[in-house]
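What follows draws every value from the coordinates through simple rules; no lab data is involved. Computed from a predicted structure; not experimentally measured.
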Amino acid sequence: MIHKVIEQWHAHMRGELANGLDLLLDDDVVFYSPIVYTPQAGKAITTLYLQAAGQTLPGEKKEGATSDPSKRFRYTKQVLDGNTAVLEFETTVDGKYVNGVDIITCNDAGKIVEFRVMIRPLQAINLVHQQMANMLEQMKPQP
């Protein structure tokens, strides 16, 4: 099942899967952020975090985001086993190298039930933390 889920995840990341997060995430998905200590439970908050990350980290689907493809977000390795995938990624944010992994677990229905993100080095964590906080603030519904 994880193979199909990861194929869909990559299609979502390329902007080729309409309503990708809604289709992929289980209602009770749990998101583990490298920045926030407590797990974030539920589809709505997980969607918010993943959308903010998509806006913060320069991705493959953003034409012209950077002229150098080596500086865009890209997956460099993946290991799939059972219902779990580990996807290693690299990007550059504000001139700082960012390396990390997405650890994705799905259920038998093909829905993501757990999404963990780990990032290194420390400079990257601090930078991503600052940018994610700013993006989440911008994405908050206005009263």
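3J(HN,Hα) couplings calculated from phi for the stretch 80-87 with the Karplus curve 6.51 cos²θ - 1.76 cosθ + 1.60 (θ = phi - 60°) are, in sequence order, 10, 8, x, 10, 10, 10, 10, 10 Hz; Gly and Pro show x. Springs between Cα atoms under 10 Å define the GNM used for the chain, and in it the highest mean-square fluctuation of Gly95, Gly42, Gly20 occurs at Gly95. Close amide H partners of Glu114, meaning residues 5 or more places away or on another chain with modelled amide H under 5 Å apart, are Val30, Thr105.
Candidate cross-link partners of Lys43 among the aspartates and glutamates, defined by an alpha-carbon separation under 16 Å and a same-chain spacing of 8 or more, comprise Asp22, Asp26, Asp27, Asp28, Glu114.
Dividing the summed -39500 (n - 2.57) terms of all DSSP H runs of n ≥ 4 by the residue count of the chain sets its mean residue ellipticity at 222 nm at -10500 deg cm²/dmol.
Among Ile104, Ile112, Ile35, the largest mean-square fluctuation in a Gaussian network model of the chain (Cα springs under 10 Å) belongs to Ile35. Computed from backbone phi with θ = phi - 60° and the Karplus coefficients 6.51, -1.76 and 1.60, the 3J(HN,Hα) list for the stretch 28-38 is 9, 4, 10, 10, 10, 8, x, 9, 9, 5, 8 Hz; x is used for glycine and proline. Helix screen, the chain: no DSSP H segment has Cα axial length of 27 Å or more and mean Kyte-Doolittle hydropathy at least 1.0. Considering only Asp94, Asp102, Asp28, the mean-square fluctuation computed in a Gaussian network model of the chain, springs between alpha carbons under 10 angstrom, is largest for Asp94.
In the chain, one over the average inverse separation of all distinct C-alpha pairs is 15.5 Å, which is the Kirkwood hydrodynamic radius.
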